[in-house]
Amino acid sequence: MASDEALTARAPVYVVQRTSGWGGLGRDLRELWQQRELLLTFTKRTVVVRYKQTVLGIGWAILQPFFLMVVFALFFNRLGHASSAGIPYPIFAYAGLLPWTFFATSMTQAAQSLVNNQHMLRKIYFPRLIFPISTILTALVDLAVASSLLFGMMTYYGVYPEAIRLVALPAIVLLAVVTALGIGLWLSALNVAYRDVQYVVPFLAQAWLFATPAVYVGTTFSKPWSTVLGLNPMQGVVASFRWSLLGSARPPGLMLAVSAAVGAVLLTSGIVFFRRLERSFADIV
Amino acid sequence: MSDVAVSAEGLYKRYRIGQRGNYRVLRDVLAEAIKLPVRARSGTAHESARYLWALNDVSFEVAEGEILGIIGPNGAGKSTLLKILSRITEPTEGVAKLYGRVGALLEVGTGFHLELTGRENVFLNGTILGMRRTEIVAKFDEIVEFAGVQRHIDTPLKFYSSGMQVRLGFAIAAFLEPEILVVDEVLTVGDLAFQERCLGKMGEVASGGRTVLFVSHNMSAILARCPRSLLLEAGKLVYDGPSEESVARYVSASQMTGGAWLTERRKRKGTGSARITSLRLEDTSGNLCPSPATGQTVRFVLDYEAQPGANLKELVVNIVISEHGGRGLLSFMSQVAGPGLRDVPRVGRVYCSVPQLPLMPGHYNVKCLMVLGSEVADKVHQAGSLIVSEGDFFGTDRLPPHADYYGPVLVAQDWSVEPLAESAAI
């Protein structure tokens, strides 16, 4: 049909072939950027669908961490007399549970994101990263909504942050996003091949909660150990989140640096692992 | 000669046969992922596992603005080819170069969410198919009107009838304007008139200089729309040329094929205590009858092989003729039509004679099913297709005008008239 001269000169828009190694990352990220509309549409869909046919709607985004806070306030503070570093316990716990809930929701939903959309994996192509990323954006929306209660509580208890510390807040949230995405990429890709992952995730989330000072004071450890605790990136996130908003604890410093490094490693390795398995998603999901 | 839009060079796609995950353990996946990419993939123990080549050295080119048909029996690799071109899956070997933005339509309404309204779903599905938001906004009214769902556009999709859902999905797809459009057999669902409108709309797309690759089992649609077609069989490209020739070869080669075809079929169900190895249609003199005529005397010939030790007391064979949508039309059932097949040999051949093939000219699906003991031993959902040509069923040289309205099945009938006593009162 087409003659040889037709083959010359023009470069193909896309070459489909077996990808190998680490190559093509730049192209993938460019595509992801081109498809940002799809990413936003997906996120919107998830937010809308999640609260359809519920009476309280997006109010659940507040109620979930709120109820957790009430439970912990009763058992830890009233019965267990847990210390809260001089801050009213409810606001202390809520400020820890906010980033924690964001992280736990992100991780759980991201782990399911590919399997839940397996039908789409088999029928259409777009960058697969969109699935886990959009679940994290969704959780971010919840976080923003739930934050409103925190600001209310801060006014009620008269706890006001220093303006200079608030500047760090976006960076702290970014670290939570990086960590959640990193672990989410690992779990979602593994879940495609091994549905065992979906049974492991709830335990993982529970264990991780106990390892994170969301509802207790984490700075009771002496110097070298508090730095080691930073190996759990959520440790750094929660401690810094409180430091930034409630202004109680000492600045997290070295521990935060360790957390940030671990978060970066999680995300990088997550991207690499995800991309290596990505090519087989449609075949094995 | 115009430019090339798609060029495929030596495409291979390998799938592992059998249950996924049987020999792939977590350790392997992790090891594979962190293995240095520079290290050559050495032959591992896995190489000995059984593989199936869904595509086996397929090369072709499509010129810009061309409408290319892709035909072949089930399992020939048509869908795999489309999945590679639309980047859903990667080829095991080979390269496909795409000279333009590809839009793939392997299914109608991908990503539709029942809780969302029609409006929200148009945006969702449109974006998934690769349309820009501004593009959807511009075409929104046209899409809704085309689907005929104006009154329900702000109603959640779950309150739509299934027909309305399909129409909405089609309408969005019909307004897709990629440079290269890849369409699977999605156009077989929904009502016929609406399908025609969609195909027409897509035809406009093609006449606008766009390239279309079109997989179908509907030979008349292929002949009407695609000047050139690829014929695939068992993963191989067996013919590439004018559609008349491709269709003719497909019809003669694949209808009720004999030989080993069914032994290699992957998509089958049943316990496997016996396998249908071939199913074919013969005429009265025992020759293969690839395209029988309406009213012709034919017989189905089914070869089977049971496992040693299988219960051979009673064998039940069902051959079901169905429409392409899947609705059954006519069955040949050994346990219903006679005393049944008892004390059968372990390896044998079953005949079912049909004195007059009672089907209107057209294209049908054949399913077959075998029961041994009380278990379904083997079930092949799409054992083959049956193309019935025009013939004389009633001995009158006449047939109903068409099957769409009058139905696809014919029954021998006697007509007569007799006088009644006229009523005195009138």
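Just so it is clear, none of the values below were taken in a lab; they were calculated from the coordinates. What you see is a predicted model; the values in this text were computed from it and never measured. In this analysis, Cβ positions are derived from the backbone assuming ideal geometry, glycine residues included, and neighbour counts consider all displayed protein chains.
Points worth noting:
- FRET efficiency estimate (nearest 0.05) - Cβ-Cβ, B:Glu418 to A:His119, R0 51 angstrom: 0.25
- Residues in the range B:354-397 that a label on B:Gln307 would reach, taking backbone N under 16 Å of a point 7 Å out along Cα→Cβ: B:370-379
- Over the range A:152-285 - Rg/Rh using Cα atoms and the Kirkwood inverse-distance radius: 1.06
- Relative contact order (percent, whole number), the range B:88-178, Cα cutoff 8 Å, 6+ residue spacing: 38
- Cross-link table A:Lys44/A:Lys123; B:Lys83/B:Lys201; B:Lys97/B:Lys236; B:Lys313/B:Lys379; B:Lys97/B:Lys269, entries beyond 27 Å C-alpha to C-alpha: B:Lys97/B:Lys269
- Anchor B:Lys158: aspartates and glutamates whose Cα lies under 12 Å away (excluding residues fewer than 8 positions away in-chain): B:Glu115
- Simple label model, 7 Å out from Cα along Cβ direction - B:Val336 to A:Ser148, nm: 6.2
- With N as its number of residues, chain A has a Cα radius of gyration that, divided by 2.2 N^0.38 Å, comes to 1.15.
- Mean-position separation - Cα centroids, the range A:32-82 and the range A:119-160, in angstrom: 8
- Rounded if a/c under 1.5, otherwise prolate or oblate - the range B:103-191, Cα gyration tensor axes: oblate
- In summary, the helical segments of chain A meeting the span-like criteria, namely a full DSSP H run, a Cα extent along the axis of 30 angstrom or more and a mean Kyte-Doolittle hydropathy of at least 0.5, are A:89-116, A:130-157, A:169-193, A:254-278.
- Virtual spin-label span in nm between B:Arg327 and A:Leu231, 7 Å along Cα→Cβ: 6.6
- Those trypsin sites (Lys or Arg not before Pro) in the range B:80-189 that DSSP places in a loop and that have at most 16 other beta carbons within 10 Å: B:Arg101, B:Arg132
- Neighbourhood charge, 13 Å Cβ-Cβ cut-off, centred on B:Arg398 and excluding it, Lys, Arg +1 and Asp, Glu -1: -3
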